[in-house]
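Before any comments, here is the structure.
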Amino acid sequence: MKGKAKGMVSKNSGSSGAAPSPFEGTKVWMDGRFVDYKDASVSVNSHSLHYGLGAFEGIRCYETKKGVPAIFRLDEHIDRLFSSCHILQIPIPYEKKDIKDAIIQTVKINKFKECYIRPIVFIGDGGGLGIFLKNYDTRVAVTAWYWGAYLGEEALKNGIRAKVSSYARFHVNTFMGMSKSTGQYINSILAKKEAVNGGYDEAIMLDTSGLVCEASGENIFVYSGGFIKTPPLSSVLPGITRNSVIEIMEKEMGLKVKEERITRDQLYIADEVFLTGTAAEVTPVREIDDRKIGAGKAGKVALELQSLFFDIVKGKNGASKYKKWLTYAD
Ligand code: PPE
């Protein structure tokens, strides 16, 4: 994401040398009304803080050709948030349309041109603590801030170096992976830290039987022998970017996408590997476990897809047939 927007962080600003908070000065929708970011606080005995039960979304809003910001696939993100809560048995005291409206208003009230939006459903302290929760004090907040390229602009252009993690992705019967729940991200945090400490950009996670699942915060795709492959939904988060790029590759690039199990060594010998996610967008992978992938640089398929993706999210260049994916915040 390029361009200045409110809340953008500048590495060099601030006399102490520390980057200012990207959240400072923003307004947050919390439990039905807007409050200043500094007042959007949570009790130390919030149940979610202690045990990690909560659900969230990450949604991007892009500046479009029209000059009006557009939220990408808002309905699908709201559907996934409600599905997550259904799986986790968290009652939400709002209708989907209330949350949709709260998200649109959050973009508008903060006058964002581009931003990353984070709706979160969590449990407050009203029901007390303890694993058995009888009375759910469900809280809902929508925050938004400027978040540039997740893995850096360089990563989008030239690709990243990834490492297969020593941490296994959780078993399908552990955390309920179809839900985007807060607590399960401990697994991703451990893997990401290990990868970055080892000098890599991102961690690729295998399941408990050793097959490829996804990266710490992205779905994974392989281009090999003229086909695109990606692991089936039984082992990965049902990524909304994953779903979008499958449609773009099939309809715009004439590629066949197969959802099938992938082994670690199939990654090494692939022509291309790339990651997709709301935050990471379409990021090529140029190296895995110190082995070059293809020519060892961002691949042609990944870069073409990335360019189509950016046109679509920004409502540019013949993207009109994808306008169903954009909700204008005007
Ligand atoms: N897998 C995981 C584990 C994941 O966290 C994400 C999103 C995806 C796949 C892609 O899903 P989607 O965004 O719907 O295409 N990760 C979010 C959080 C990143 C973060 O650091 O926080 C995101 O991209 O917003």
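No lab work stands behind these numbers, since they all come straight from the coordinates. All of these numbers come straight from a predicted model, not from anything done at the bench. FYI the Cβ positions are ideal-geometry reconstructions off the backbone, even for glycines, and counts take in every protein chain you see.
Gap in Å between the Cα centre of segment 184-250 and the Cα centre of segment 276-329?
So the two Cα centres are separated by 15 Å.
Quick check for me: using +1 on Lys/Arg Cβ and -1 on Asp/Glu Cβ, what's the dipole size of segment 153-313 about its Cα centre, in debye to the nearest 20?
Once rounded to the nearest 20, the dipole reads 280 debye.
For the chain, what does the helix formula give at 222 nm: sum of -39500 (n - 2.57) over DSSP H segments with n ≥ 4, over the residue count, nearest 500 deg cm²/dmol?
Helices in the chain give a 222 nm mean residue ellipticity of -7500 deg cm²/dmol.
With +1 on the Cβ of every Lys and Arg and -1 on the Cβ of every Asp and Glu, and nothing else charged, how large is the dipole of the chain about its Cα centre, in debye rounded to the nearest 20?
Charge dipole, the chain, about its Cα centre: 720 debye, nearest 20.
Under 5 Å between amide H atoms, partner at least 5 residues away or on a different chain: which partners does residue 160 have, H built in plane at 1.01 Å?
Under 5 Å from the amide H of residue 160 lie the amide H atoms of 285, 286, 287, each far enough along the sequence or on another chain.
For the chain, what are Rg and Dmax over the alpha carbons, in angstrom?
In order Rg, Dmax, the Cα atoms of the chain give 19.8, 56 Å.
Have a look at 148, 84, 99 and report the one farthest towards the positive end of the charge dipole of the chain, computed about the Cα centre with Cβ charges (Lys/Arg +1, Asp/Glu -1).
Value computed over the given set: 148.
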